[in-house]
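Engineer: Quick one: this structure, given as structure tokens, is what I'll be asking you about.
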Amino acid sequence: MEISVSYLKSLYSKEKTIMNIEKTTADYIHVDLMDGGFVPEKNFEINSTIKLLKKHELPLDIHLIVFDPLIYINDLATLEPEYITFHIEATKDIVKTIESIRRNNIKVGISIKPETNIMEIMPYLSLIDLVLIMSVEPGKGGQEFIPSSVNRLLILKKFRESNNLHYKISIDGGINNKTILKVKDNIDIAVAGSYICLSNNYQERINNLKSLNNID
Ligand code: DX5
Ligand code: ZN
């Protein structure tokens, strides 16, 4: 299991938090970008986001919590992220959005909110590299894990096996040393924000998540 660290909620500035994450064995920096439309929160402007992340060393796992994800893709591609993930609820141009990300040689993810029927994502699973299951309502860090997310992970894992597909399964929201135990067998990537960034020892928290993953 890989760990993707979200810096949305932190004790420090974005800059310092990102520097701290870069010093750990995290696998990705999870970048939550919100437009104040798809969710009420707004936390980015494209040029300052590019400036903030330009010198990153860890791979970027970008989570677009925005309407019209297409309009941001070419600019974000300049950061050479590993993944760009957009919400299935955010656009009618799903295939066009997938193609635009691919054209930039970036892996494609689709995210789904807790209330959206999981069947909506099924037609696209053969076209993408990552599914990001939201286990909280998108918008804020530090919310409580929604237990019904576990069943969604199982559905995705079974579908992947029976159709010989290769997308990774990621979970985002409310992950900590307890909730990781509920999801660890069915995910490839755990996104964790406040559990790591509200502590003053990021590496220890990452080790906790990774070692709990190894207990059978
Ligand atoms: C929520 C974001 C998450 C969030 C996770 O909209 O997508 O990535 O930062 O934070 P925690 O781990 O605190 O729930
Ligand atoms: Zn996120």
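Engineer: Scan the stretch 181-208 residue by residue and report those that are surrounded by 19 or more Cβ atoms within 10 Å (Cβ to Cβ) and within 16 Å of ligand 2 (Cβ to nearest atom).
Structural biologist: Val183, Ile187, Ile189, Ala190, Val191, Ala192, Gly193, Ser194, Tyr195, Ile196, Cys197
Results for (1) of a type in the set (Lys, Arg); (2) over 23 Å from Ile46 (Cα atoms); (3) crowded, with 20+ Cβ neighbours inside 10 Å; (4) under 16 Å from the mean Cα position of the chain (by Cα), shown as yes or no for each residue.
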{"residue": "Asp75", "(1), (2), (3), (4)": "no, no, no, no"}
{"residue": "Phe86", "(1), (2), (3), (4)": "no, no, yes, yes"}
{"residue": "Ile101", "(1), (2), (3), (4)": "no, no, yes, yes"}
{"residue": "Glu120", "(1), (2), (3), (4)": "no, yes, no, no"}
{"residue": "Tyr124", "(1), (2), (3), (4)": "no, yes, no, no"}
{"residue": "Leu130", "(1), (2), (3), (4)": "no, yes, yes, yes"}
{"residue": "Ile133", "(1), (2), (3), (4)": "no, yes, yes, yes"}
{"residue": "Glu144", "(1), (2), (3), (4)": "no, yes, no, no"}
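Engineer: Please name all residue pairs, on different chains or six or more residues apart, with Cβ atoms under 6 Å, provided the first residue is in the stretch 90-103 and is in contact (Cβ under 8 Å) with a residue 40 or more places away in the chain and the second residue is aromatic (Phe, Trp, Tyr).
Structural biologist: Ala90/Phe38; Ala90/Phe67
Engineer: Based on what the data block shows, is His56 touching a strand residue (DSSP E or B) at 6+ places or on another chain (Cβ under 8 Å), more than 25 Å from Leu209 (Cα to Cα) and in contact (Cβ under 8 Å) with a residue 12 or more places away in the chain?
Structural biologist: Taking the combined requirement at face value, the residue does not satisfy it.
Engineer: May I pose another question? Just checking, does the stretch 33-49 include any residue being part of a helix (DSSP H, G or I), within 18 Å of the chain's Cα centre (by Cα) and of a type in the set (D, E, K, R)?
Structural biologist: Checking the stretch 33-49: not a single residue is part of a helix (DSSP H, G or I), within 18 Å of the chain's Cα centre (by Cα) and of a type in the set (D, E, K, R).
Engineer: Of (1) within 23 Å of Pro40 (Cβ to Cβ); (2) buried (at least 16 other Cβ atoms within 10 Å of the Cβ); (3) within 12 Å of ligand 2 (Cβ to nearest atom), Glu137 satisfies all except one. Which?
Structural biologist: In the conditions (1) within 23 Å of Pro40 (Cβ to Cβ); (2) buried (at least 16 other Cβ atoms within 10 Å of the Cβ); (3) within 12 Å of ligand 2 (Cβ to nearest atom), Glu137 misses (2) alone.
Engineer: Anything in the stretch 13-48 that is away from ligand 1 (no atom under 15 Å from the Cβ) and either touching a residue at least 60 places away in the same chain (Cβ under 8 Å) or over 28 Å from Leu181 (Cβ atoms) (or both)? List them, or say none.
Structural biologist: Matches in the stretch 13-48: Ser13, Glu15, Lys16, Met19, Asn20, Lys23, Thr24, Thr25, Glu45, Ile46, Asn47, Ser48.
Only the coordinates and a few stated rules stand behind these numbers; no lab work does. Being a predicted model, the structure only gives us computed values, none of them experimental. In this analysis, Cβ positions are derived from the backbone assuming ideal geometry, glycine residues included, and neighbour counts consider all displayed protein chains.
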